[in-house]
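**Q** Just dropping this structure here.
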Amino acid sequence: MTRLLVTGGAGFIGSNFVHHVLENTDHEVTVLDKLTYAGNLASLDGLPENRFTFVKGDIADAELVDELFPTVDAVVHYAAESHNDNSLDNPRPFLDTNIIGTYTLLEAARRHDTRLHHISTDEVYGDLELDDPARFTEQTPYNPSSPYSSTKAGSDLLVRAWVRSFGVRATISNCSNNYGPYQHIEKFIPRQITNVIRGIRPKLYGAGENVRDWIHADDHSSAVLRILDAGVIGETYLIGADGEKNNKDVVELILTLMGQDAGAYDHVTDRAGHDLRYAIDWTKLRDELGWQPKYRDFEAGMAATIDWYRAHEDWWAPAKDGVEAFYASKGQ
Ligand code: NAD
Ligand code: TDX
């Protein structure tokens with residue numbers, strides 16, 4: 001049995017990880033989450049009380065973090081400001097949480113010699129051309145585009161420096177775009193699904209040719225657990241599942257699966273600095289740690305995700321009007 005501290009465990013990927021861990025291992029989990037607009041306690045409903053504890057707080061609160069670290073064997077660090085569009089609107093919280101928050105956790109890991117796994121994104125590598133056959137590897141140089149991805153890149157570099165300079169026992173993973181249950185409806189896929197449920201036409205940025213490399217959140221969770229078990233300290237692992245699709249194809253699939261005309265969507269103002277294409281080469285994770293994704297059928301995964309949003313309107317409805325008002329104010 002291992003005691004894990006999961007930061008950002010009330011968010012999309014963190015809550016999927018907490019469910020995955022409690023269902024598939026005998027580990028105990030403490031979640032530390034500030035419950036920003038993106039955190040939702042309802043995402044953690046129904047967990048076994050004897051193995052799960054929730055602490056509301058900020059990862060940048062050094063005193064609180066200092067109290068929690070000695071109570072666990074390892075920390076899995078998901079907490080972040082995570083939305084590119086918000087980072088273009090107001091970058092400051094991204095610096096506070098992604099940079100200062102990660103720094104605060106690293107200092108505690110150093111003081112208490114605690115094993116830490118840092119969750120990051122493929123966006124730190126910038127983007128690829130649409131017609132370039134290349135994919136990101138662990139050797140791709142950092143070249144982030146947005147305030148969000150630049151603060152994630154900064155946090156990764158802090159982790160590397162704390163490993164090298166202070167011997168902190170940390171690993172890093174950079175994952176591609178996740179989909180699945182509990183994703184905030186500001187993000188592309190759940191925004192369009194909930195638009196269709198509400199009778200609003202889906203909104204595609206620009207021409208919709210941008211490519212994202214989709215992975216189910218549960219596969220992300222199993223990969224992180226594998227790295228926690230067998231990852232080599234100081235190493236970075238890319239996580240992906242060969243899920244490249246352009247945004248236009250994804251919107252059309254959602255509409256078709258939801259019984260609508262595939263063309264019933266609007267083109268809206270493009271995102272500033274919009275990355276063209278992400279693609280992950282996850283050979284290292286497969287060859288060195290023997291990990292494989294389970295969700296290989298994107299259409300089936302999308303159908304299950306649509307069913308989840310249909311069945312959980314109470315989970316997302318309170319945020320819907322505010323999210324759409326924000327996008328409308330930007331012509332999106
Ligand atoms: P999310 O926005 O859904 O959740 C973030 C969570 O962190 C929320 O529960 C929020 O309350 C919490 N949080 C924010 N600031 C905090 C703070 N200062 N202290 C404590 N808690 C705080 O994000 P997500 O999509 O689940 O992403 C989780 C992590 O995975 C992030 O580090 C992100 O960079 C990374 N990632 C996301 C994706 C993706 O497709 N969404 C892909 C690769 C990597
Ligand atoms: O309404 C929309 N219409 C649209 O066309 C929205 C919200 C998005 N888009 C486009 C922009 C992107 O090309 O869809 C694509 C996906 O957008 P997001 O869901 O905002 O994700 P992205 O910007 O790719 O970043 C996501 O993956 C990497 C996560 O939000 C990050 O946290 C993660 O690091």
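Rule-based calculations on the coordinates, nothing more; no lab input. Because the structure is a prediction, the values reported are computed rather than measured. Note that we place each Cβ from the backbone using ideal geometry, even for glycine, and neighbour counts take in every protein chain shown.
**Q** Return, for the Cα atoms of the stretch 123-253, the radius of gyration and Dmax in Å, separated by a comma.
**A** 16.8, 54
**Q** Starting from the Kirkwood Rh over alpha-carbon pairs, what translational D in µm² s⁻¹ does the stretch 193-332 have by Stokes-Einstein at 25 °C and 0.890 mPa s?
**A** Roughly 143 µm²/s, to the nearest whole number.
**Q** Still on this structure: How big is D, in µm² s⁻¹, for the stretch 32-72 by Stokes-Einstein at 4 °C and 1.567 mPa s if Rh is the Kirkwood radius over C-alpha pairs? Don't skip to the answer; put the middle values down first.
**A** Numbers: Rh = 11.5 Å.
For these conditions, the coefficient is 112 µm²/s.
**Q** Okay, moving on. Taking the Cα centre of the stretch 89-247 as origin, work out the dipole magnitude from +1 charges on Lys and Arg Cβ and -1 charges on Asp and Glu Cβ, in debye rounded to 20.
**A** Using only the charged Cβ atoms, the result is roughly 600 debye.
**Q** Using all Cα-Cα distances in the chain, what percent lands in each 10 angstrom bin from 0 up to the longest?
**A** Whole-percent P(r) values from 0 Å outward: 6, 27, 37, 23, 7, 0.
**Q** Anyone know which of Tyr148, Tyr37, Tyr78 comes out most mobile in the 10 Å Cα GNM of the chain?
**A** Tyr37
**Q** State, to one decimal in nm, how far the label point of His274 lies from the label point of Arg92, with both points 7 Å from Cα in the Cβ direction.
**A** Rounded to a tenth, the inter-label distance reads 2.9 nm.
**Q** Please report the Cα spread of the stretch 56-176 along all three principal axes, rounded to whole Å, starting with the longest.
**A** Largest first, the stretch 56-176 extends 50, 31, 21 Å along its Cα principal axes.
**Q** Would you mind calculating the gained length between Asp321 and Arg3 on full extension (0.36 nm times residue separation, minus the Cα-Cα distance), in nm to one decimal?
**A** Length difference between fully extended and current span is 110.6 nm.
**Q** With bins 10 Å wide starting at 0, give me the P(r) of the stretch 1-95 over every alpha carbon pair, in whole percents.
**A** Result returned by the calculation: 16, 49, 27, 7, 0.
**Q** Another question, if that's okay. Below 12 angstrom from the Cβ of Glu23, what's the summed charge of the other residues (Lys, Arg +1; Asp, Glu -1)?
**A** -1
**Q** Sticking with this one: Student exercise: in the stretch 170-317, how many lysine pairs 8 or more apart or on different chains have Cα atoms under 16 Å apart?
**A** Details: Lys187/Lys203; Lys187/Lys245; Lys187/Lys248; Lys203/Lys248.
Summing the qualifying lysine pairs gives 4.
**Q** Run the Debye formula on the Cα coordinates of the stretch 234-311, all scatterers equal and no solvent, and tell me log10 I(q)/I(0) at q = 0.11, 0.14, 0.19 1/Å.
**A** Reported log10 I(q)/I(0), two decimals: -0.44, -0.68, -1.00.
**Q** Do the sum for the chain: with -39,500 (n - 2.57) for every DSSP H run of n ≥ 4, divided by all residues, what is the mean residue ellipticity at 222 nm, to the nearest 500 deg cm²/dmol?
**A** -12000 deg cm²/dmol
**Q** Here is a follow-up. Considering every pair of different Cα atoms, what Kirkwood radius, in Å, is found for the stretch 186-255?
**A** 14.2
**Q** Nothing charged except the Cβ atoms of Lys and Arg (+1) and of Asp and Glu (-1): what's the magnitude of the dipole of the chain about its Cα centre? Round to the nearest 20 debye. Write down the numbers at each step before the final one.
**A** Numbers: 31 positive and 51 negative charges, 54 e Å.
Taking the Cα centre of the chain as origin, the dipole is about 260 debye.
**Q** Can you give me the Cα centroid spacing of the stretch 69-89 and the stretch 263-330 in angstrom?
**A** Taking the Cα centre of each part, the stretch 69-89 and the stretch 263-330 sit 19 Å apart.
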